[in-house]
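What follows is a set of notes on a single structure, which appears directly below.
The values are calculated or read from the model by the stated rules, or taken from the named source; none is laboratory data. Remember, it's a predicted structure, so these values are computed and weren't measured experimentally. Reconstructed Cβ throughout: ideal geometry from the backbone, glycine too, with neighbour counts over all protein chains shown. Quick note on the areas: whole protein, heavy atoms, side chains included, nothing else; ligands and nucleic acids left out. Shrake-Rupley method; radii C 1.70, N 1.55, O 1.52, S 1.80 Å.
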Amino acid sequence: SSSPADLSHEPRPVPQQQQLHVSCRPMTRSLAAGGPAQRLALHVLLGLALLFPEAPAPVPCTSALKITIQVGDRIRDMGLTQTIDHGDAEERVCETVNIGYQGMIILGCDEGFLNQTTELCEPKDCATYDALSVSLGSVTGTIFPAEIIKHSSSEERLCRIINPLYRGQMTLFCIYGKLSIDISECVTQWDPMERPPWVPRSRHAVLGLRGGAVLSIAGLGAAGPLREVWQWTPELGTLTGRWEQPWERPLPPWTGRYGAAVAWQLKEQGEQVVLAGGNDGQNKHDVWRWLRDPSKLVVPLVDRETTGTQPEDCDLDLKSLRCNSTFGVSGRRWRLPYDQWPSTDVFVDLTVSGEEPLNGTIIALQLDDCRQVFQVKAGQWSTYGCTGADPPWVEYHRPLLLGEVGEVQPGEPYVVRLSIDRARAEVVLSVNGAVLRPRSAGPGGPGGPDGVIIDVCQPSGGGGSGGGAEPFGIGAESGSSAAGVCSSGAMGAQGQYARPPLALKVVEVAAWPASTLEVRQLSLMAPAGFWQRLVDDAPWPARASHALVALPDGGLLLLGGLGSEGLLNDVWRWSPQMCTLLPDIDPAVAARYELECSFACQPSPQYGQWKQLPDAPWAPRQEHAAIWTSVGLIVMGGRTATGFENDVWRWTSAGAFCSLAWQGQWELSTPAAAWPPRHGHSIVGFTPSGSKYPETVLLVGGFGGEPEHEQVEREPLEFPIKSRGDMWCGNQALGNFSTWTQLAPFGPYTDRSQAGAVAAPSMGPFSLLFFGGYDTSSRFVVDLWRWTGENATADCKVEEIL
């Protein structure tokens, strides 16, 4: 090939038939016959002929001529579309030779010969009107270059422009004018996970625990209210986890219910979850707490029965129980509620006084139907067990001696601990931290090699004795076999789960004659996963479908819901204080009454009291969502008497305890957020590094829409009433959650409401789990989905190309 400048070559011989012959003879004869002027002209003409010999005429190129052209790796013979003159040229598109090239081929004519140049041909670009079909998941779409893409170049595009459920970027390539795409970096935001083992449900309460674990509580299934608690635990280093009920007693002590409200708190004893209200066939106003780790619980001294032959000699004040026995035995008995039966330890903080040798105290535990007695007699601790219905002070029992004589001194404070080892059906006694060994214990003795454990289920006639004592297990004398009563096979069942062996049913303390016993505190060690009833009839009206939020000061805020009288917009605040007219009232009793700011207050960290605040300015509602954020409490949406809401309210509180500012102030962030009105939606908060509280909130699913037109309208509703699967994002920097951005118009799951959603920090900084619910097909759902956000989620922005 050659350039246009090379189109003129050295002259080539012109074919004979094309030569032009010019005859000058007639003209020369005429000039020669003339005068001098004519002869001069003749001479000039002859001179010019000598200087300029005869030249042939230019030869054109016809359309019959062909020339071989190569463009890229393609070769083709090409000719003219019409005859062109010598020195002229004709343009032809490079694509006629190679479809992957653009530009022009130049065909030139030189004295009847064709020449060509392809220097203007170059690989084809991809234009903005070029289209490519792309499939991501179940969605197929068409993509166009945003700008012209040069050959061997690329363009980055967001995966979400094809499928909004995907994150990441895809690369659009241009090769010789053909588009191709790499979608390997497109990652689904939603991923299905293993089907949970629990039954389909909705209206369950969910929250996150430390370490990325998740708790799902109660709910509504096809058979009615559910009495279940499940824990999802992430498997380290993976994006998976497992559902389990890893507690000694999986079945909770409360009734099956739905629409309960829960809140997570971090207390001195560790993580706890508070459950309030719900509906088990009727609305409830009880309050429970769940303890993730083994925790110490104080037993109210006021909740007791009398025991002994001289029970009137026991007095109770706010600080202690004091039994001053003169001639008989004075004592008190605490029948423990069912939820406390799995307790593993009993702590009695006491002082014994009296004449020496000291016969001071009795502590008895009823384990199932077996009573194990620990006593101080003649300054010596001893034990005997399985006495059946016999009172603990029957004289003919010969106990097993523990520790040494003189270990109990009059007037000295002691903390007695009785530890129950259910796996071995044994109890260990320790006083002020020191384990008291059976006097006969040694290698191979009762309790094993260390000799520190008392066997409460030893068969009659077996086991060691000290000081000439009778064989351990005298309970057989009362007509019941210790082995039969205490064996795990006789435990029975509560609901679908067997109650634990050696259920701790009763604790008794008593003073021997001529001694005084002061009990300052009675407490239990609850096992992990323990549920404790805080109050069975809180001062607020019974309700379901309400909201409960933990406050930064350790308190709680309860809002709205559905009560027996209809929808509610009342607000109640729980504080770890007790403010009552009666200063000596037991904290567990005070929890049933409303906190009175006009009276003196004292700490009540376990039971506390509720205080009713002024009603909220928003319309009474149920199935709204609430969360504590960096700018205060946020309340969103819900169902009112007139329909569905998409308003957003903010509550803040400041000032001294019980002050007007402490009762809080409401502010309307927006009367109508960008998301369609709804109820039964789920919300999840994300806390950025360096902040204590969430600054970004995601809203998922729900049911609702705009009210139907009373008259026929030509235009359809923008938001018809239906179940939803969309996701929206709000941020405290965007007008205190007044501005919301849609992150996805739908999800891969069926549209649903009343589902559970909770942050999953073990899977990423912006990840959540979404499960269960009631879907658009009127079905209870049993599935689990993982959502993974983008870096831009923190600011409620979709991912952008930098």
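Looking at the range 319-354 only, could you name the residues that are basic (Lys, Arg) and open to solvent by 40 Å² or more (accessible area, probe 1.4 Å)?
319, 322, 333, 335
Please list, ordered by first then second residue, the pairs with beta carbon atoms under 8 Å, 6 or more apart or interchain, first in the range 584-598 and under 21 Å from residue 660 (Cα atoms), second charged (D, E, K, R) and not in a loop (DSSP other than H, G, I, E, B).
Qualifying pairs under 8 Å: 594/611; 595/611; 597/611.
Evaluate the range 254-262: report whether one residue or more is farther than 14 Å from residue 216 by Cβ, of a type in the set (Lys, Arg) and buried (at least 17 other Cβ atoms within 10 Å of the Cβ).
Scanning the range 254-262, I find no residue that is farther than 14 Å from residue 216 by Cβ, of a type in the set (Lys, Arg) and buried (at least 17 other Cβ atoms within 10 Å of the Cβ), so the answer is no.
For the range 610-631, which residues satisfy the criterion of being assigned to a strand (DSSP E or B) and in contact (Cβ under 8 Å) with a residue 60 or more places away in the chain?
Matches in the range 610-631: 610, 612, 621, 622, 625, 626, 627, 628, 629.
From 663, 612, grab the single residue that is at pLDDT 95 or above, touching a Phe, Trp or Tyr at 6+ places or on another chain (Cβ under 7 Å), surrounded by fewer than 18 Cβ atoms within 10 Å (Cβ to Cβ) and farther than 30 Å from residue 766 by Cα.
612
Would you confirm whether or not the range 643-654 contains a residue that is modelled with pLDDT under 95, open to solvent by 30 Å² or more (accessible area, probe 1.4 Å) and on the phi > 0 side of the Ramachandran plot?
no
Return the residues of the range 280-309 that are polar (S, T, N, Q) and open to solvent by 20 Å² or more (accessible area, probe 1.4 Å); say none if nothing qualifies.
282, 283, 306, 309
So residue 316 passes all but one of these: (1) in contact (Cβ under 8 Å) with a residue 24 or more places away in the chain; (2) open to solvent by 40 Å² or more (accessible area, probe 1.4 Å). Which condition number does it fail?
For residue 316, the failing item is (1).
Looking at the range 355-376 only, could you name the residues that are part of a loop (DSSP other than H, G, I, E, B) and open to solvent by 30 Å² or more (accessible area, probe 1.4 Å)?
Of everything in the range 355-376, those that are part of a loop (DSSP other than H, G, I, E, B) and open to solvent by 30 Å² or more (accessible area, probe 1.4 Å) turn out to be 355, 356, 357, 359, 369.
Spot the failing condition for residue 548; the list is (1) buried (at least 20 other Cβ atoms within 10 Å of the Cβ); (2) at pLDDT 50 or above; (3) more than 27 Å from the chain's Cα centre (by Cα), and only one is missed.
Of everything listed in (1) buried (at least 20 other Cβ atoms within 10 Å of the Cβ); (2) at pLDDT 50 or above; (3) more than 27 Å from the chain's Cα centre (by Cα), residue 548 misses just condition (3).
Quick one: which of 719, 746, 737 is more than 24 Å from residue 210 (Cβ to Cβ), open to solvent by less than 20 Å² (accessible area, probe 1.4 Å) and part of a loop (DSSP other than H, G, I, E, B)? Step through it out loud before you land on a result.
Working: 719 fails: open to solvent by less than 20 Å² (accessible area, probe 1.4 Å); 746 fails: open to solvent by less than 20 Å² (accessible area, probe 1.4 Å).
Sole residue among the options that is more than 24 Å from residue 210 (Cβ to Cβ), open to solvent by less than 20 Å² (accessible area, probe 1.4 Å) and part of a loop (DSSP other than H, G, I, E, B): 737.
Of all residues in the range 274-296, which are over 21 Å from the mean Cα position of the chain (by Cα), at pLDDT 95 or above and at negative phi?
Correct list: 279, 280, 282, 283, 284, 285, 286, 287, 288.
Residues are listed down the side, and each one gets a yes or a no for (1) open to solvent by 10 Å² or more (accessible area, probe 1.4 Å); (2) in a strand (DSSP E or B); (3) at pLDDT below 95:
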{"site": "207", "(1), (2), (3)": "yes, yes, no"}
{"site": "215", "(1), (2), (3)": "no, yes, no"}
{"site": "225", "(1), (2), (3)": "yes, yes, no"}
{"site": "231", "(1), (2), (3)": "yes, yes, no"}
{"site": "236", "(1), (2), (3)": "yes, no, yes"}
{"site": "239", "(1), (2), (3)": "yes, no, yes"}
{"site": "242", "(1), (2), (3)": "yes, yes, no"}
{"site": "247", "(1), (2), (3)": "yes, no, yes"}
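Given the criteria within 27 Å of residue 753 (Cα to Cα) and out of contact with any strand residue (DSSP E or B) (no Cβ under 8 Å at 6 or more places or on another chain), does residue 642 qualify? Working first, answer last.
Numbers: within 27 Å of residue 753 (Cα to Cα): yes; out of contact with any strand residue (DSSP E or B) (no Cβ under 8 Å at 6 or more places or on another chain): yes.
When the stated conditions are applied, residue 642 passes them.
Of the residues that make up the range 752-766, is at least one under 20 Å from residue 137 (Cα atoms) and either open to solvent by 10 Å² or more (accessible area, probe 1.4 Å) or among the hydroxyl-bearing types (Ser, Thr, Tyr) (or both)?
The initial filter retains those residues of the range 752-766 that are under 20 Å from residue 137 (Cα atoms), namely none.
No, that holds for no residue.
Is one or more of the residues making up the range 196-204 in contact with an Asp or Glu (Cβ under 7 Å, 6 or more places away or on another chain) and over 30 Å from residue 278 (Cα atoms)?
no
Any residue in the range 742-764 that's free of Cβ contacts under 8 Å to residues at least 40 places away in the same chain: show its pairings with residues that are of a type in the set (A, V, I, L, M) and outside any loop (DSSP other than H, G, I, E, B) at Cβ separation under 9 Å, as long as the two are six or more apart or on different chains.
Going by the 9 Å Cβ cut-off, the qualifying pairs are 750/781.
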